[in-house]
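J.: Can you read through this structure? Questions will come right after.
The values are calculated or read from the model by the stated rules, or taken from the named source; none is laboratory data. Predicted model only: the values in this text are computed from it and were never measured. Cβ placement follows ideal geometry from the backbone for every residue including glycine, while neighbour counts extend to all protein chains displayed.
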């Protein structure tokens, strides 16, 4: 199953450059302008920006990519019962940016925040999808076709002699 990661520019378009700049810049660094993050995400020329701010934007983009990878991994866990070659429903692809946003929020997403409530709703739908896939007869073990093979032993205690 191929789930593509949401790009930083797609996340910026969906949630806004200001929010993503606030979420993705580490607390150990100075905040950056949202326009810089957007320019870095699109691959624009950054020579007019301060060098330290550009470094911070690169770190922010790396954090966004990390959050997207964690979100995809989480989705793939729930899709483990899918049959080989069977794609995820379209709504899963649409919810991947929301999961990425949740992972960017981290501890800031308290129990009553809209981001956490949306995350819980997505997880419930994914759990229901996994249960449906499981009930259709798919099983997570034995479906991969992976076989472990090894060569016969070439050396043993007797064949090595007095080494």
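J.: If a residue must be more than 29 Å from residue 86 (Cα to Cα) and either modelled with pLDDT of 95 or more or not in a helix (DSSP H, G or I) (or both), how many such residues does region 109-136 contain?
T.: 5
J.: Still on this structure, please answer the following. From the list 101, 80, which residue is closer than 22 Å to residue 121 by Cα, surrounded by fewer than 19 Cβ atoms within 10 Å (Cβ to Cβ) and in contact (Cβ under 8 Å) with a residue 24 or more places away in the chain? Walk me through how you get there before you give the answer.
T.: Numbers: 101 fails: surrounded by fewer than 19 Cβ atoms within 10 Å (Cβ to Cβ).
Every option except 80 fails the conditions.
J.: State all residues of region 46-78 that are in contact with a helix residue (DSSP H, G or I) (Cβ under 7 Å, 6 or more places away or on another chain) and not in a helix (DSSP H, G or I); if no residue qualifies, say none.
T.: Passing the criteria: 46, 49.
J.: Could you list, in sequence order, the residues of region 20-31 that are free of Cβ contacts under 8 Å to residues at least 40 places away in the same chain and either at positive phi or crowded, with 16+ Cβ neighbours inside 10 Å (or both)?
T.: Kept after step one, since they are free of Cβ contacts under 8 Å to residues at least 40 places away in the same chain, are these residues of region 20-31: 21-22, 25-31.
Correct list: 21, 22, 25.
J.: Restricting the search to region 17-41, which residues are part of a loop (DSSP other than H, G, I, E, B) and in contact with a helix residue (DSSP H, G or I) (Cβ under 6 Å, 6 or more places away or on another chain)? Walk me through how you get there before you give the answer.
T.: So the first thing to find is which residues in region 17-41 are part of a loop (DSSP other than H, G, I, E, B), and the list is 25-33.
25, 29, 32, listed by residue number.
J.: Please go through region 32-43 and give me each residue that is exposed (fewer than 13 other Cβ atoms within 10 Å of the Cβ) and either farther than 19 Å from residue 11 by Cβ or free of Cβ contacts under 8 Å to residues at least 24 places away in the same chain (or both), ordered by number.
T.: Keep residues of region 32-43 that are exposed (fewer than 13 other Cβ atoms within 10 Å of the Cβ), which gives 42-43.
Of everything in region 32-43, just one residue is exposed (fewer than 13 other Cβ atoms within 10 Å of the Cβ) and either farther than 19 Å from residue 11 by Cβ or free of Cβ contacts under 8 Å to residues at least 24 places away in the same chain (or both), namely 43.
J.: Turning to a different aspect of this structure: If you scan region 104-113, which residues turn out to be surrounded by fewer than 21 Cβ atoms within 10 Å (Cβ to Cβ) and either within 21 Å of residue 63 (Cβ to Cβ) or touching a strand residue (DSSP E or B) at 6+ places or on another chain (Cβ under 8 Å) (or both)?
T.: Step one: list which residues in region 104-113 are surrounded by fewer than 21 Cβ atoms within 10 Å (Cβ to Cβ), which gives 105-113.
Passing the criteria: 105, 106, 107, 108, 109, 110, 113.
J.: Of the conditions (1) in contact with a helix residue (DSSP H, G or I) (Cβ under 6 Å, 6 or more places away or on another chain); (2) over 30 Å from residue 127 (Cα atoms); (3) surrounded by fewer than 19 Cβ atoms within 10 Å (Cβ to Cβ), residue 14 fails just one. Which one is it?
T.: Among (1) in contact with a helix residue (DSSP H, G or I) (Cβ under 6 Å, 6 or more places away or on another chain); (2) over 30 Å from residue 127 (Cα atoms); (3) surrounded by fewer than 19 Cβ atoms within 10 Å (Cβ to Cβ), residue 14 violates only (2).
J.: OK, next. Go through (1) closer than 28 Å to residue 18 by Cβ; (2) surrounded by 11 or more Cβ atoms within 10 Å (Cβ to Cβ); (3) modelled with pLDDT under 85 and name the single condition residue 140 misses.
T.: Against the list (1) closer than 28 Å to residue 18 by Cβ; (2) surrounded by 11 or more Cβ atoms within 10 Å (Cβ to Cβ); (3) modelled with pLDDT under 85, residue 140 comes up short only on (1).
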